[in-house]
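To keep things clear, I will list the structure first and then write my remarks on it.
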Amino acid sequence: MNILVCGGAGYIGSHMVKMLTASGHIVTIFDNLSTGHREAVKWGKLVVGDLLDEAALRQLFAENSFDAVMHFSAKSLVGESVAQPAMYYKNNVIGTFNLLEAMRAADVKRFVFSSSAATFGNPVADRIDENHPQAPINPYGETKLMVEHMLRDYAAAYGLSSVSLRYFNAAGADPSGEIGEAHDPETHLIPNILKAALDPHKTLKVFGQDYPTPDGTCVRDYIHINDLCQAHLLALGYMDNNDGAFGFNLGNGQGFSIFEINNAAECVTGGEIQYESCDRRPGDPPILVADATLAKKELKWRPQYVDIIEILRTAWDWHRKQLF
Ligand code: UFG
């Protein structure tokens with residue numbers, strides 16, 4: 001298929017582009033390079049542009065005949081979204097609206113959307129399945145949920161099929177070491193732990209130790225990047241036989257606290273990682289753990305990285321290489 005990957009220069013998008021290309025698809029990447037990296041575009045054709053630029057989108061769809069669109073372009077930091085909600089609504093909601101309108105004009109009918117566990121807000125169950133209420137507690141989650149609602153309505157009115165994949169915490173790197181997670185500034189837990197492991201002058205900031213969790217730190221469900229990408233491939237195929245707007249949760253179903261991840265990282269890196277206690281970060285729910293039974297049943301998704309040590313090892317292999 002001829003596939004447009006919006007945000008294909010970013011962490012998740014670049015892994016997706018690699019997997020799509022390896023599966024025989026032709027890929028065009030549309031990315032404004034605001035958080036993505038030109039160096040991460042090693043496969044496919046890059047078009048530098050912004051989803052807020054409707055003329056650029058019109059041109060992109062006029063010059064190409066896409067069979068499907070995958071959308072990874074979004075502002076995605078919970079804390080930043082609390083401080084700067086306008087930027088989030090503009091980029092994530094208006095940007096996606098522009099993209100869907102360009103698809104509608106060009107009669108492109110398949111869409112895979114990067115949604116988020118952040119659409120659920122504070123969990124009311126130990127594991128979050130698709131029936132869990134969606135009640136975001138931060139603007140980031142709100143923007144993702146708004147798009148899910150748009151997709152439901154576009155499917156009903158215009159026959160645009162979509163699969164929204166609600167990621168829990170994406171982690172790790174492609175085992176080839178060619179691409180990995182690189183944000184600037186880095187706000188994610190695992191890269192920050194690994195940076196503290198690499199640099200004796202750095203300490204990990206632990207945001208909040210008074211959460212209602214076993215050790216007081218936030219618990220998250222870490223899912224390997226290539227397992228996430230595999231689910232996207234399956235989602236594309238799912239739309240061959242299923243019309244409508246679908247949503248699936250993607251996680252390993254196991255939660256790890258910040259201290260547990262830090263301990264596991266010490267095993268992988270072989271050294272002690274220093275930390276300092278800091279205040280809670282605004283917008284963080286205490287626990288987010290997925291129930292991915294539906295994705296396994298419907299998409300036939302089979303995650304390969306179920307061991308947190310293995311996930312951390314792929315991240316470590318990549319981070320270590322960045323020093324040299
Ligand atoms: N944390 C620290 N120190 C750090 C970085 C993070 O203590 O240096 C804490 C956070 O406060 C949080 C946990 O580690 O409690 C995980 O934080 P991340 O920033 O790694 O991930 P988030 O859970 O905030 O968010 C990620 C994605 C979101 C997505 C969410 C869904 O960035 O896009 O997972 O679970 F919505």
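Please treat every number below as a calculation from the coordinates, not as lab data. None of these values were measured; they are calculated from a predicted model. Quick reminder, even Gly has a Cβ in these numbers, built from the backbone with ideal geometry, and neighbours come from all protein chains shown.
Figures for the structure shown
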{"item": "From Thr203, Thr217, residue being over 17 Å from the mean Cα position of the chain (by Cα), among the hydroxyl-bearing types (Ser, Thr, Tyr) and buried (at least 23 other Cβ atoms within 10 Å of the Cβ)", "result": "Thr217"}
{"item": "Output for region 142-181, where each listed residue is more than 15 Å from Ser116 (Cβ to Cβ) and within 12 Å of the ligand (Cβ to nearest atom)", "result": "Glu181"}
{"item": "Only listed residue being closer than 24 Å to Leu233 by Cβ and among the small types (Gly, Ala, Ser), chosen from Gly49, Gly24", "result": "Gly24"}
{"item": "Region 187-200 - residue that is more than 8 Å from the ligand (Cβ to nearest atom) and surrounded by fewer than 19 Cβ atoms within 10 Å (Cβ to Cβ) and, of those, farthest from Asp129 (Cα to Cα)", "result": "Pro200"}
{"item": "Odd one out for Arg110, checked against (1) among the charged types (D, E, K, R); (2) over 24 Å from Asp240 (Cα atoms); (3) touching a residue at least 24 places away in the same chain (Cβ under 8 Å)", "result": "(2)"}
{"item": "Residues within region 201-210 that are over 17 Å from Val78 (Cα atoms) and within 8 Å of the ligand (Cβ to nearest atom), tallied", "result": "1"}
{"item": "Residue ranges of helices (runs of 4 or more DSSP H) in region 249-324 with at least 1 members within 14 Å of the ligand (Cβ to nearest atom) and farther than 20 Å from Thr203 by Cα", "result": "308-321"}
{"item": "Which listed residue is part of a loop (DSSP other than H, G, I, E, B), surrounded by 15 or more Cβ atoms within 10 Å (Cβ to Cβ) and away from the ligand (no atom under 16 Å from the Cβ), from Phe66, Phe97", "result": "Phe66"}
{"item": "Neighbours by Cβ (under 6 Å, 6+ apart or cross-chain): first from region 164-192, assigned to a helix (DSSP H, G or I); second more than 9 Å from the ligand (Cβ to nearest atom)", "result": "Ile190/Ala315; Pro191/Glu181"}
